[in-house]
Amino acid sequence: MIFVGLLCVCLSTPVDIDEWFTISLSGTPAGWNHSVESVVGDVRTVHADETMTISRAGVEVTVRASTTWTDHLDGRPISMEWSQEMGGPPVRTIWTFKGETVVVTTVQGQRTSTAERPAPSVPWLTPSAGREFLKQRAEAGATEVQWRTLIPDLGLSPVLQKLTRFGEGTVEVRGRMLEVSKWSVQTEGLPVQMQSWFSKDWRPVVTTMQAPFGEVRSVLTDQATAMRIRGEPAPELFLSLFITPTGTIEDQLNATRAFMRLQTLDRSPLQLPASGGQSIAGVDGETTLLLVERDASLPAARGEGSDAAYRNPSTMIDSGDEAVLALAESSTKSLPPEASQRERAESARQAVHAWITNKGLATAFASASETVRNRQGDCSEHGVLLAAVLRAEGIPSRVASGLVWMGSVGAFGWHMWTQALIDGAWVDLDATLPVPFTVGHILVATSSLEDGDGQRQLMALLGLLGNLEIEIVRVDR
């Protein structure tokens with residue numbers, strides 16, 4: 001491993017810090033962030049808790065996340081930890097740095113899994129070391145500073161952060177005016193515009209993320225203000241993201257293929273995967289012509305068939321859970337021994353569709369073992385549980401995310417389903433529907449939901465939320 005010490009970053013000894021931030025979405029209060037930094041000996045710990053509440057078609061969902069970084073004052077990493085709670089028991093992942101390797105431990109409820117991964121092979125900085133590096137370079141006159149760092153919910157691949165100074169100003173914080181320097185922030189893999197405003201001691205005062213669905217804004221404040229109960233409804237992040245296309249899909253369940261033309265509203269490049277029933281029929285400048293076929297299944301990429309990430313249990317797709325195994329066994333019980341993998345996969349899809357009886361939006365993202373027990377959830381719970389049942393049956397699987405046509409409202413809504421690797425090809429299976437798949441699906445990203453790295457694969461969605469226009473060109477039956 002190439003330790004951050006090789007970058008010769010000299011860190012000054014920090015004092016204990018306790019900071020609170022308000023979080024708003026498009027001007028509407030949505031939550032808070034609490035960050036605490038402490039030093040014992042030569043070990044520094046930075047812990048942050050964040051809570052946000054959003055509305056999904058009138059159903060409020062609270063998402064809680066926490067991040068803990070521990071490093072030496074010379075910048076050598078000790079561990080990073082990330083946990084998230086989205087309506088069920090929290091999922092906690094700890095990365096412990098052991099020289100050339102990293103031990104990844106994932107905990108949910110009473111279940112713990114451990115894996116060993118290679119340490120990053122390129123130089124990178126912990127967040128505290130990165131802030132000190134920015135301070136040193138900026139005070140030396142640099143207006144552009146970049147380094148690589150790890151973002152816990154994106155796993156063990158260091159991402160490049162590039163900060164560019166664009167101005168100075170003042171901002172009122174807790175009744176007094178603070179001088180700040182303003183920096184634009186580009187983070188590799190995150191298709192959104194960000195800004196950070198730093199005080200003279202290089203602490204963040206204001207942070208903004210200009211996502212297509214609205215501005216997420218974090219502002220330094222006091223505890224009472226940050227945790228003040230909202231006096232208005234939580235910001236809506238479901239119905240507001242529906243996409244009304246030009247054209248329509250009639251009789252979606254019986255259509256065999258559809259051609260759709262897509263482009264981003266901000267005219268940024270559009271890169272959609274070709275997988276399962278989706279292929280790229282053509283690209284004309286900023287426009288992509290998409291072909292979705294109900295009964296097609298494109299070949300898997302080389303190496304995907306042997307990739308353990310699509311076969312092994314993970315915290316979310318916990319296919320080794322006894323209740324998941326029981327559902328898998330019952331789902332194929334009526335099939336003859338000579339049944340094909342395709343027949344077994346479809347039987348599993350039907351079983352999951354029937355098993356989840358409380359279909360609603362109150363759960364944001366639950367694991368398969370949670371869903372198989374409480375039998376509730378929306379498309380993400382259907383997709384994750386089916387992926388787990390398939391793996392329990394020995395069929396490689398992953399989740400697929402994108403859009404689905406909703407004929408009742410004449411619009412596309414954001415959606416998740418499952419892909420199974422059968423006979424060398426990815427096959428689309430949607431457990432929320434009475435049929436396996438329809439031409440009303442638009443695939444944006446796929447993910448194995450592998451522990452410690454699965455979130456990275458879903459980042460493609462972020463840049464398209466509220467940033468896509470669709471024309472339905474032709475639908476065949």
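The values are calculated or read from the model by the stated rules, or taken from the named source; none is laboratory data. Owing to the predicted nature of the structure, the values given are computational and were not obtained by experimental measurement. Note: ideal-geometry Cβ built from the backbone for every residue, glycine included; neighbour counts use all protein chains shown. For the accessible areas, the whole protein counts, side chains as well, though only heavy atoms, and no ligand, DNA or RNA atoms are used. Shrake-Rupley method; radii C 1.70, N 1.55, O 1.52, S 1.80 Å.
Summary table
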read-out: The range 130-184 - percent of accessible surface contributed by carbon and sulfur, probe 1.4 Å; value: 41 percent
read-out: GluC sites (Glu not before Pro) restricted to the range 242-295 and DSSP loop, no more than 15 other C-beta within 10 Å; value: GLU250, GLU286
read-out: Pair GLU343, VAL39: separation of 7 Å Cα→Cβ label points (nm); value: 6.9 nm
read-out: Accessible-area composition of the range 297-368, carbon plus sulfur, in percent [1.4 Å probe]; value: 52 percent
read-out: Ellipticity estimate at 222 nm from DSSP helix runs (n ≥ 4, -39,500 (n - 2.57)) divided over the chain, nearest 500; value: -4000 deg cm²/dmol
read-out: At R0 = 30 Å, FRET efficiency that the Cβ-Cβ distance of GLN146 and ILE78 yields, to 0.05; value: 0.80
read-out: Inter-label distance for ASP251 and ASP201, nm, one decimal - labels placed 7 Å from Cα along Cα-to-Cβ; value: 7.0 nm
read-out: Relative contact order of the chain, pairs being alpha-carbon contacts under 8 Å that are 6 or more residues apart, as %; value: 16 percent
read-out: Sequence-distant residues sharing a close amide H with GLY276 (under 5 Å, placed H); value: LEU298, TRP426
read-out: Estimated dipole of the range 120-182 in Debye, rounded to 20 [Cβ of Lys and Arg +1, of Asp and Glu -1, Cα centre]; value: 20 debye
read-out: Potential extension, ASP222-GLU329 segment - 0.36 nm per residue separation minus Cα distance; value: 33.1 nm
read-out: Two-site label geometry, ALA425 and GLU286: point separation in nm, points 7 Å out along Cα→Cβ; value: 3.5 nm
read-out: Residues with amide H under 5 Å from that of GLN193, placed H, sequence gap 5 or more; value: GLN210
read-out: Among beta bridges that DSSP assigns inside the chain, antiparallel share in %, nearest 5; value: 95 percent
read-out: Calculated FRET efficiency for the pair THR170/THR357, C-beta based, R₀ 60 Å, to 0.05; value: 0.60
read-out: Set of aspartates and glutamates near LYS162 by C-alpha distance (under 14 Å), chain-local residues within fewer than 8 positions excluded; value: GLU144, GLU188
